[in-house]
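Below is one structure; the comments refer to it alone.
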């Protein structure tokens with residue numbers, strides 16, 4: 001059995017965020033919602049869970065890249081918000097390494113939150129619901145690639 005990949009805690013140089021924050025943000029939003037919608041289409045996110053997210057506004061900021069994404073859930077799919085509300089219903093902020101550790105299930109949101117590596121602001125009940133929904137996702141096992149081990 002191969003060695004499990006471990007994502008180290010890191011922070012990109014500040015100049016990356018300064019440059020990234022000046023670039024158009026729609027590619028970040030479109031990439032994130034494409035990934036979220038793929039999880040919907042693969043039935044990794046239960047359709048009934050999405051009804052709670054209907055019409056709510058979300059904001060994700062990757063602090064050390066300057067990347068920001070504003071989006072909503074409408075008709076069971078995630079959609080970009082090009083003219084976002086002043087204050088989203090729920091906002092997540094963290095460095096790239098923290099988001100990567102979350103996706104890899106190396107760290108859980110509670111640990112990152114209490115270690116002040118993940119900021120969650122807005123509707124507390126909605127935040128807890130999203131956290132529990134993401135924790136319940138059963139990620140498919142990726143096929144092994146030649147020369148790589150999981």
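Each value in this text was obtained by applying a stated rule to the coordinates, not by laboratory testing. Since the model is a prediction, treat every value here as computed from it, not as a measurement. For neighbour counting, all protein chains shown are included, and Cβ atoms are generated from backbone atoms with ideal geometry for every residue, glycine included.
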Kindly work out what percent of the DSSP beta bridges joining two residues of the chain are antiparallel, to the nearest 5. 70
Simple spin-label model, 7 Å along Cα-to-Cβ: residue 30 to residue 87 in nm? 3.2
How would you rank 63-69, 42-48, highest first, on the average number of other Cβ atoms within 10 Å across their residues? 63-69, 42-48
Per the C-alpha gyration tensor (a ≥ b ≥ c, the square roots of its eigenvalues), segment 1-51 is rounded if a/c is under 1.5, else prolate if a/b beats b/c, else oblate; here it's oblate
Which of the peptides 105-112, 132-139, 76-83 is most tightly packed, and how do the rest follow, going by the mean number of other Cβ atoms within 10 Å of each residue? 105-112, 76-83, 132-139
Using alpha-carbon positions, what is the distance between the centroids of segment 82-132 and segment 58-72, in Å? 10
Cβ neighbours within 10 Å, averaged per peptide: list 26-35, 92-101 in order, most packed at the top. 92-101, 26-35
